[in-house]
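Worksheet: one structure, shown below.
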Amino acid sequence: MKKYIKIACLSTVLAVTACSDDFISNQPYTDKVEDNFYKNQKDALQGLVAVYDVLQREGYGGFLLNTETASDDCYGGFGTADSNVALELDRFQFITDKEMNNPIWQNCYLGIYRANILLENLDKVDWGTQPELKTQYEAEARFLRAHFHFELARVFGDIVPLDHTLKPNEFQTPRATADVTYALIANDFKFAADNLGPENYSQPSNANYGRVTKWAAEAYLAKAFLFYTDYYEKPDLAGVVTKAEAVNYINDVANNSGHGLVADFRSLWIASAASSGVTYAGEGNTEMVFAIRFNSSGNADWNLHEGNRFAVNIAVRGGDLGTYGQGWGGATVTPSLYEAYSDGDIRRNATIIDYAAEGLNYDAVAAGVRQFTGYGWKKFCPISAEVANNGGDFQIDNYEDYPVIRFSDVLLMAAELNLDSNAAFAQACLDRVRERAFGNTTSSIPATKANIMNERRLEFALEGHRWFDLIRQDMNTTKAAVDATSMPNGFETSFRPETLGWFALPQSQVLLSNGTITQNPGWN
């Protein structure tokens, strides 16, 4: 951990670069460093913005792409001349790139570091006539710290939880057990839930538009509870949140947050709305409980991280095609996902591009698409030429937000958590999701755990949920869903249960730890 922590420690104020031990004793080369920066409210806000800023660093090799590739909803894809890394992600191999999951590790720890720096300096700030801002900033920073820890813990299993910036004698801190990490996550989210305001995140008229809220923290507590108690087979969330408390949190969001479902599922996504002829609901729609915000203000500047850099990975390879913008053709959609939808479910065509059914004249061979299935991502796919026409770069300046928690997620979590205590409410929550999907009230199915898990697949396909919904059930369920051992022409995949569902650690971190950290099981 030593080298990584020292790299991250400079990134808050200076450019990310390696440093030697001599740096610690040198005089600062800039006017603003930690010792003299946190003096007033403006400084504190800049420190908080620096934590939020890390959210935008989603790109190739990141959380969304890697987890969807691992799931049964996507293959590796990309181009026939590209490296084999995407194929190896899909096949649970660890050959070509031993750092293939490093962006997840690095970005999350950068966010954690920045949150800890702010938290440790809040007492130095002169809050003037607004002392309540200190509590608000602490709550926001702790929410974000929990978000980054939860992302790491769901991907890598046991991690190094950090509730403070490390001192030199702590640079080789070992990984902690899950209960330690999840206790930190739960306490941080609880503090946020208790101290953030009840504003609706989705309303642009709100002075705190785009900032985390009480509702997002309560929803995240339920999400953490479900994953931890399912995967680790525990009765509560690390001794911090009981089942009854988790139910109360999610029911509060479902009943009192002011969030709701937009009327037409297709309107949630830019390409889905455009291809269906419906009005795009926009980023400030009522369904977004917590999203990572992007915009196109980067103006083709690769030094900025304002735009959505993920979208290019899954967009149409070979150039713009009708409504859809160009990209690299990664993570091609599996036929099994397309076939999982029932007739009449509008989510299928809102989620997936069906090249043949849409009459798209697309030559996948000429475009050099690897593992072309006839299906591609419609969610997050950019609109053709729109970014370029606005002076941006199609690779880095797409602007569609990434929804971390939508209100439909709240409803389905509420359905799951209320199954054994309020079956009628569980059924009502599931019905609301399906009524929108089918446009009628006659498509109800019984609210059971199996039905809810399947509904989650259909509702949140290609949004970064599926992998975790698989592994929190068990390894047999995961293998049965993922394995495609009889597929021809390079589509074979085989999940290895010995990995326990965790991804490979970046090998550099294992080596730099001098034995403190060992590689995850199944990846040696």
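Considering only residues that are without any contact (Cβ under 8 Å) to a residue 24 or more places away in the chain and surrounded by 15 or more Cβ atoms within 10 Å (Cβ to Cβ), look in the range 197-211 and name the one that is farthest from the chain's Cα centre (by Cα). So the residue we want is 206.
Looking only at helices (runs of 4 or more DSSP H) that lie completely in the range 1-117, which have at least 3 residues being modelled with pLDDT of 90 or more and among the aliphatic types (A, V, I, L, M)? Fully inside the range 1-117 and qualifying: 41-54, 63-70, 85-91.
I'd like the full set of residues that are under 19 Å from the mean Cα position of the chain (by Cα) and more than 24 Å from residue 335 (Cα to Cα), limited to the range 371-396. Result: 396, single match. Residue pairs whose Cβ atoms lie under 7 Å apart, sitting 6 or more positions apart in sequence or on different chains, and linking a residue in the range 416-439 that is in a loop (DSSP other than H, G, I, E, B) to a partner that is among the charged types (D, E, K, R), are 419/449.
Rundown of residues vs (1) under 30 Å from residue 478 (Cβ atoms); (2) modelled with pLDDT under 95, yes/no style:
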site: 164; (1), (2): no, no
site: 172; (1), (2): no, yes
site: 175; (1), (2): yes, no
site: 194; (1), (2): no, no
site: 206; (1), (2): no, yes
site: 235; (1), (2): yes, no
site: 241; (1), (2): yes, no
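For the range 145-167, a residue qualifies if it is outside any helix (DSSP H, G or I) and closer than 22 Å to residue 503 by Cβ, and the qualifying residues are 157, 158, 159, 160, 161, 162. Within the range 503-519, the set of residues being under 23 Å from the mean Cα position of the chain (by Cα) and surrounded by 20 or more Cβ atoms within 10 Å (Cβ to Cβ) comprises 503, 504, 505, 506, 509.
Residues of the range 212-245 that are assigned to a helix (DSSP H, G or I), of a type in the set (A, V, I, L, M, F, W, C) and over 21 Å from the mean Cα position of the chain (by Cα): 244 alone.
Assess whether residue 82 counts as being buried (at least 18 other Cβ atoms within 10 Å of the Cβ), over 29 Å from residue 210 (Cβ atoms) and among the acidic types (Asp, Glu). Against the criterion (buried (at least 18 other Cβ atoms within 10 Å of the Cβ), over 29 Å from residue 210 (Cβ atoms) and among the acidic types (Asp, Glu)), residue 82 does not qualify. For the range 453-470, the tally of residues that are in a helix (DSSP H, G or I), surrounded by 22 or more Cβ atoms within 10 Å (Cβ to Cβ) and of a type in the set (A, V, I, L, M) stands at 1. Do we find a residue being under 22 Å from the mean Cα position of the chain (by Cα), at pLDDT 95 or above, among the β-branched types (Val, Ile, Thr) and closer than 30 Å to residue 250 by Cα anywhere in the range 351-370? For the range 351-370, residues under 22 Å from the mean Cα position of the chain (by Cα), at pLDDT 95 or above, among the β-branched types (Val, Ile, Thr) and closer than 30 Å to residue 250 by Cα: present. Among the residues of the range 138-157, are any over 22 Å from the mean Cα position of the chain (by Cα) and touching a residue at least 60 places away in the same chain (Cβ under 8 Å)? Within the range 138-157, none of the residues are over 22 Å from the mean Cα position of the chain (by Cα) and touching a residue at least 60 places away in the same chain (Cβ under 8 Å).
Exactly one residue out of 438, 380 is hydrophobic (A, V, I, L, M, F, W, C) and either touching a strand residue (DSSP E or B) at 6+ places or on another chain (Cβ under 8 Å) or on the phi > 0 side of the Ramachandran plot (or both), and it is 380. Residues of the range 432-443 that are more than 16 Å from residue 349 (Cα to Cα) and buried (at least 17 other Cβ atoms within 10 Å of the Cβ): 432, 433.
Selection within the range 296-334: residues that are closer than 19 Å to residue 349 by Cβ and of a type outside the set (Gly, Ala, Ser). The member of this set that is surrounded by the most Cβ atoms within 10 Å (Cβ to Cβ) is 314. Within the range 282-310, the set of residues being of a type outside the set (D, E, K, R) and under 17 Å from residue 460 (Cβ atoms) comprises 285, 288, 289, 290, 291, 292, 310.
Within the range 85-127, which residues are touching a residue at least 40 places away in the same chain (Cβ under 8 Å) and either touching a strand residue (DSSP E or B) at 6+ places or on another chain (Cβ under 8 Å) or under 23 Å from residue 336 (Cβ atoms) (or both)? Listed by number, the residues that qualify are 86, 87, 90, 91, 92, 125, 126.
Looking across the range 383-437 at every residue that is outside the structural domain of residue 276 (by TED's automatic domain parsing) and of a type in the set (Gly, Ala, Ser), the one that is farthest from residue 465 (Cα to Cα) is identified as 391. The single condition from (1) farther than 25 Å from residue 456 by Cβ; (2) without any contact (Cβ under 8 Å) to a residue 60 or more places away in the chain that residue 320 fails is (2).
Within the range 168-182, the set of residues being outside any loop (DSSP other than H, G, I, E, B), free of Cβ contacts under 8 Å to residues at least 60 places away in the same chain and surrounded by fewer than 20 Cβ atoms within 10 Å (Cβ to Cβ) comprises 169, 170, 180.
Against the test of being farther than 28 Å from residue 389 by Cβ and touching a residue at least 12 places away in the same chain (Cβ under 8 Å), the options 254, 311 yield a single qualifying residue, 254. Could you list, in sequence order, all residues of the range 485-511 that are under 22 Å from residue 178 (Cα atoms) and of a type outside the set (Phe, Trp, Tyr)? Of everything in the range 485-511, those that are under 22 Å from residue 178 (Cα atoms) and of a type outside the set (Phe, Trp, Tyr) turn out to be 496, 497, 498, 499, 500, 501, 504, 505, 506, 507, 509, 510.
Consider only pairs whose beta carbons are under 6 Å apart and that are at least six residues apart or on different chains; among these, list those whose first residue lies in the range 55-84 and is on the phi > 0 side of the Ramachandran plot and outside the structural domain of residue 338 (by TED's automatic domain parsing) and whose second residue is of a type in the set (Ser, Thr, Tyr) and in a loop (DSSP other than H, G, I, E, B). Close Cβ pairs satisfying both conditions: 77/332. Restricting attention to the range 121-167 and to residues that are among the basic types (Lys, Arg) and surrounded by fewer than 23 Cβ atoms within 10 Å (Cβ to Cβ), the residue that is nearest to residue 292 (Cα to Cα) turns out to be 134.
In the range 350-361, the residues that are not assigned by TED's automatic domain parsing to the domain that holds residue 272 reach residues that are among the β-branched types (Val, Ile, Thr) and not in a loop (DSSP other than H, G, I, E, B) with C-beta atoms within less than 6 angstrom, at least six apart or across chains, in these pairs: 352/333.
The values are calculated or read from the model by the stated rules, or taken from the named source; none is laboratory data. What you see is a predicted model, and the numbers here were worked out from it, not measured in a lab. With ideal geometry, Cβ positions are generated from the backbone for all residues, glycine too; neighbour counts draw on all protein chains shown.
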